1. Of all the helices (runs of 4 or more DSSP H) wholly in the range 1-106, which have at least 3 residues that are more than 15 Å from the ligand (Cβ to nearest atom) and either open to solvent by 30 Å² or more (accessible area, probe 1.4 Å) or modelled with pLDDT under 95 (or both)?
2. Among the residues of the range 292-307 satisfying the criterion of being at pLDDT below 95 and surrounded by 15 or more Cβ atoms within 10 Å (Cβ to Cβ), which is nearest to the ligand (Cβ to nearest atom)?
3. Under 9 Å between Cβ atoms, at least 6 apart or on separate chains: pull out the pairs that start in the range 283-296 with a residue that is in the same structural domain as residue 148 (by TED's automatic domain parsing) and end on any residue that is in a strand (DSSP E or B) and open to solvent by 80 Å² or more (accessible area, probe 1.4 Å).
4. Identify all residues within the range 213-259 that are part of a loop (DSSP other than H, G, I, E, B), among the small types (Gly, Ala, Ser) and surrounded by 18 or more Cβ atoms within 10 Å (Cβ to Cβ); write none if there are none.
5. Hey, can you tell me all the residues within the range 274-291 that are farther than 17 Å from residue 188 by Cα and either surrounded by 22 or more Cβ atoms within 10 Å (Cβ to Cβ) or in contact with a Phe, Trp or Tyr (Cβ under 8 Å, 6 or more places away or on another chain) (or both)?
6. Considering only the range 281-305, state which residues are in a loop (DSSP other than H, G, I, E, B), over 19 Å from the mean Cα position of the chain (by Cα) and among the polar types (S, T, N, Q).
7. Scan (1) surrounded by fewer than 21 Cβ atoms within 10 Å (Cβ to Cβ); (2) assigned by TED's automatic domain parsing to the domain that holds residue 288; (3) not aromatic (Phe, Trp, Tyr) for the single condition residue 320 breaks and write down its number.
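The values are calculated or read from the model by the stated rules, or taken from the named source; none is laboratory data. Note that the structure is predicted; figures quoted are calculated from it, not measured. Glycine also receives a Cβ, built like all others from the backbone with ideal geometry; neighbour counts cover every protein chain displayed. Note: areas computed on protein heavy atoms with side chains; ligands, DNA, RNA excluded. Shrake-Rupley method; radii C 1.70, N 1.55, O 1.52, S 1.80 Å.
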Amino acid sequence: MIGLGRFYITTAIDYVNAKPHIGHAYEKVIADIIARWQRLRGEKVFYLTGTDENAEKNSQAAKEAGVPVREFVDKNVEFFKNLCKTLNISNDYFIRTTEERHIKISQDIFRKVLEKGDIYKDFYEGLYCEGCEGYLTEKDLVGGKCPEHQKPPKPLREEAYFFRLSKYNDHIVKLLESPNFVIPKEKRNEMLSRIKSDDLKDLCISRKNLYWGIDVPDDKNHKIYVWFDALINYVSAIGYPDGGKFKEFWPADIHLIGKGINWFHSVIWPAMLISAGIKPPKTILVHGYLTVNGQKISKSLGVQIDPLEIVKKYGADPVRYLFAREIPMGEDGDFSEQALKDRLNNELANDLGNLLSRVVKMIEKSFSGNVPQGKVDEKLSKQLRVESIEKYMDKFELHNALAEIWNFIRACNRYINEKEPWKLEGKELQDILYTLADSLRIISILISPFIPATSEKINEQLGLKPGILKDVKFGLLKGGKIKRGEHLFNKVK
Ligand code: ME8
């Protein structure tokens, strides 16, 4: 149960051509829950997120806005940083791919792969989708359009650098076949069947005549293809090749990404790494897409929710809770304000909020706010199935872990209803209130990765210090002075 190891988790880095959407918020929150859970287990964690700034689409958007591109990205990055702050994201670093360090390391890796003989110059002729910042084949198109961006790709012919991706075909197949390289399995199978139906082709990794982007080393006429530089963020941010953090944390334990960019992470990235003599990451964890009220997020159709607004209105914890509780890992899910309100009112305010306020009030009334010592009621404590929560977390079934925690919260409420402590006194009452206070201490630990601010509020009201997973054992609570605070959650209409 207790790890003493290192745990490195990353999210994708976001394009800054527009403000963040709810999908960006979702990804950061899920990674944050996993990062916080690992810290709770006693691991030393490094959590990385950031922005993908060298993309042509950022420069296009700046042009449309009539703002110099650097100014434009500098301004938009703030929304993403602010999103992290607002959502209580515990990232250890926020990488921007316009950082000098990242530019240098991207060029170093390009050079390394070139020297290995895995990069060559040729002519590229094909279809380029600006939305994907990627080249498509006829096979990828649906009705002549990129299925992801609903736009026809542009034909392109230019001299370019190519990466010998084909050389790594068998290596990548083997990697994909190894257990847990891509989670969930269905997402792994998608990649495998794509490779098996059509062997890997070499990949064009430069663009000509672009103003914005990272120069190909020793060739200013070409910019490095944005995906080649973007993926490198995962190692540049921790100081590849000599930095202490790189030595400590690489290979990454988890790259958390959305399903649309699985190919880049499960196929292209490991091939780049192997070529550069760097170990591939351990796991690519793929999440599904969020819709808003059942519709695909679309700026042009006005289907979007500003995550910053929604957090301002409901608070970070209800939004975090909804993301983790509502959408099983790997599946698509819907974000609706109604679902958020329902979960906030029922599960957060009623189940958890009321449990705390009932217990706090009873301890105030009967023991002047001093938590009594007592004996834990095993009938209640047995209803907490910690091993099962841990198993769910190991499998990234966050929704099941939360359901399991909530089973226990409800069991505590039922326990109060059954025991009717307000009719009791003496030793019997002491034991019941001790059992409940100790249960709340444990609940506070278990919910802390999901809803950290709420966990802190519970600790404040119970006069507790934050605990870690090894403190999830009944009977550890030693006294304490209650400090009644506000309701954990206010119900909304
Ligand atoms: O793809 N629901 O950036 P991005 C959930 N810069 N997640 C979603 C989503 C949705 N509706 N739409 C997108 C990029 N995402 C690249 C990544 S990584 C080296 C470079 C996810 O801003 C998407 O799949 O378009 C990705 O994981 C993340 O949001 C950023 O998307």
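1. Values: elements: 22-40, 56-65, 69-86.
Filter on the range 1-106 gives 56-65, 69-86.
2. Step one: filter the range 292-307 for residues at pLDDT below 95, giving 292-306.
Then keep just the ones that are surrounded by 15 or more Cβ atoms within 10 Å (Cβ to Cβ); that gives 292, 297, 303-306.
On the way: 292: 8, 297: 5, 303: 10, 304: 9, 305: 11, 306: 14 Å.
If we take residues in the range 292-307 being at pLDDT below 95 and surrounded by 15 or more Cβ atoms within 10 Å (Cβ to Cβ), then 297 is nearest to the ligand (Cβ to nearest atom).
3. Cβ pairs passing all conditions: 289/296.
4. The first filter runs over the range 213-259 and keeps only residues part of a loop (DSSP other than H, G, I, E, B), leaving 213-214, 217-218, 225, 237-243, 250-253.
After this cut, where a residue has to be among the small types (Gly, Ala, Ser) as well, the list is 213, 237, 239, 243, 252.
Selection gives 213, 237, 252.
5. Restricting attention to the range 274-291, the residues satisfying the condition of being farther than 17 Å from residue 188 by Cα are 274-279, 290-291.
Residues satisfying the conditions are 274, 275, 278, 279, 290, 291.
6. Just the residues of the range 281-305 that are in a loop (DSSP other than H, G, I, E, B), to begin with: 281-283, 288-289, 293-294, 297, 299-302, 304-305.
Filter again for over 19 Å from the mean Cα position of the chain (by Cα), leaving 293-294, 299-302, 304.
Within the range 281-305, 293, 300, 304 meet the criteria.
7. Tallying (1) surrounded by fewer than 21 Cβ atoms within 10 Å (Cβ to Cβ); (2) assigned by TED's automatic domain parsing to the domain that holds residue 288; (3) not aromatic (Phe, Trp, Tyr), residue 320 fails exactly one: (1).
Rundown of residues vs (1) within 18 Å of residue 274 (Cβ to Cβ); (2) charged (D, E, K, R); (3) without any contact (Cβ under 8 Å) to a residue 40 or more places away in the chain; (4) not assigned by TED's automatic domain parsing to the domain that holds residue 130, yes/no style:
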site	(1), (2), (3), (4)
144	no, no, yes, no
147	no, no, yes, no
157	no, yes, yes, no
178	yes, no, yes, no
184	no, no, no, no
